[in-house]
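Chemist: Take this structure first; my questions come after.
The values are calculated or read from the model by the stated rules, or taken from the named source; none is laboratory data. The shown structure was predicted, so the numbers you read here are calculated from the model rather than taken from an experiment. So basically every Cβ, Gly included, is an ideal-geometry build from the backbone, and we count neighbours across all protein chains shown. These area figures cover heavy atoms from the full protein model, side chains too; ligands, DNA and RNA do not enter into them. Shrake-Rupley method; radii C 1.70, N 1.55, O 1.52, S 1.80 Å.
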Amino acid sequence: MTTTTHYHYSDETLFISLLCLSFLSFILIHRRRARRHGLPPGSQGIPFVGETLQLISAYKTENPEPFIDERVGRYGPVFTTHVFGEPTVFSTDPDVNRLILHGEGKLVDVSYPGSISNLLGKHSLLLMKGSLHKRMHSLTMSFSNPSILKDHLLFDIDRLVRRNLRSWSDRVLLMEEAKKITFELAMKQLMSLDPSEWTERVRKEYVLVIEGFFTVPLPLFSTTYRRAIQARTKVAEALSLVVREREEEKDKKKKRNDMLAALLAGDEGFSDEQIVDFLVALLVAGYETTSTSMTLAVKFLTDTPLALAQLRVCVYHHFIINYYFQFSISEFSSYTFNLFFP
């Protein structure tokens with residue numbers, strides 16, 4: 001007697017089977033690509049997500065190095081992983097890093113994962129290459145000359161810091177306040193915009209954009225990334241409005257001395273979209289780094305009273321007194337700061 005067994009597959013079982021098959025195919029394809037392109041050893045992680053979750057989790061701790069250290073110990077100083085939607089090679093080898101940095105534009109081209117490019121904009125300074133990147137970089141650096149620092153930047157820093165200090169309560173989150181000051185200063189330097197309800201609304205949307213850099217770049221599965229894309233659209237619309245208003249001022253011969261004025265007056269003939277992407281990139285460039293430096297400066301000076309006392313003397317003699325006479329940025333920056341530990 002022959003016994004025949006009939007298996008009935010539910011839709012759920014079929015779906016899971018197909019999903020597992022897709023995952024397996026994904027892993028095999030990526031392994032073949034890595035071998036074909038001669039990529040360094042490493043792991044592609046789980047399908048679609050890769051090792052993004054491990055990287056994000058590590059950087060939200062006080063010590064993110066284990067993500068790198070574990071893989072260096074397993075694969076060597078140069079390894080391949082898969083983060084933010086794309087295969088990525090990490091290098092901790094100084095010689096390799098030097099070769100890449102010196103070979104930019106020759107051996108390699110600067111690029112960012114597509115997920116980050118979507119948030120920065122296709123015309124972002126961080127994505128520019130060649131002569132255009134050099135011209136825009138020179139334009140940016142021109143706003144760091146001693147004259148502008150003395151006549152505008154230091155005054156704006158002092159005014160904005162004092163304004164925020166007056167609003168502080170008994171308990172403040174220093175890092176968050178530093179980010180707020182940094183954003184307000186950037187808006188002032190880039191577009192001559194003083195703090196207002198409008199700039200605060202833009203800042204809140206901008207914070208959502210920043211959060212999108214540190215999440216899984218899958219809009220269908222990541223609420224954070226989806227919010228970041230939506231916030232980026234709102235920020236771009238707000239900045240586009242400023243650009244159009246300034247174009248009207250330009251026709252009326254009104255003159256301002258900020259980054260937006262320089263972009264509008266340039267010979268390149270930038271479109272509004274290009275200018276907005278450029279402004280977004282500049283806001284990104286200093287937001288985290290500057291606010292982090294400000295926060296750490298307060299922490300370390302608070303932990304080191306001797307350094308704080310010496311800095312007060314330095315500021316008094318080389319800033320307050322000389323500012324009203326022949327204050328020189330180079331003189332202030334060349335001041336020898338001596339710290340002697342007992």
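Chemist: For region 92-124, name all the residues that are part of a loop (DSSP other than H, G, I, E, B), more than 30 Å from THR224 (Cα to Cα) and open to solvent by 80 Å² or more (accessible area, probe 1.4 Å).
Modeler: LYS106, LEU107
Chemist: So, in region 287-320, exactly how many residues are surrounded by fewer than 16 Cβ atoms within 10 Å (Cβ to Cβ) and closer than 25 Å to GLU237 by Cβ?
Modeler: So the answer is 1.
Chemist: What's the number of the only condition in (1) out of contact with any helix residue (DSSP H, G or I) (no Cβ under 6 Å at 6 or more places or on another chain); (2) open to solvent by 40 Å² or more (accessible area, probe 1.4 Å); (3) closer than 21 Å to THR215 by Cβ that GLY85 fails to meet?
Modeler: (1)
Chemist: Just checking: which of the helices (runs of 4 or more DSSP H) contained wholly in region 172-286 hold 2 or more residues that are charged (D, E, K, R) and either free of Cβ contacts under 8 Å to residues at least 24 places away in the same chain or open to solvent by 40 Å² or more (accessible area, probe 1.4 Å) (or both)?
Modeler: Qualifying helices (runs of 4 or more DSSP H): 174-191, 197-211, 223-251.
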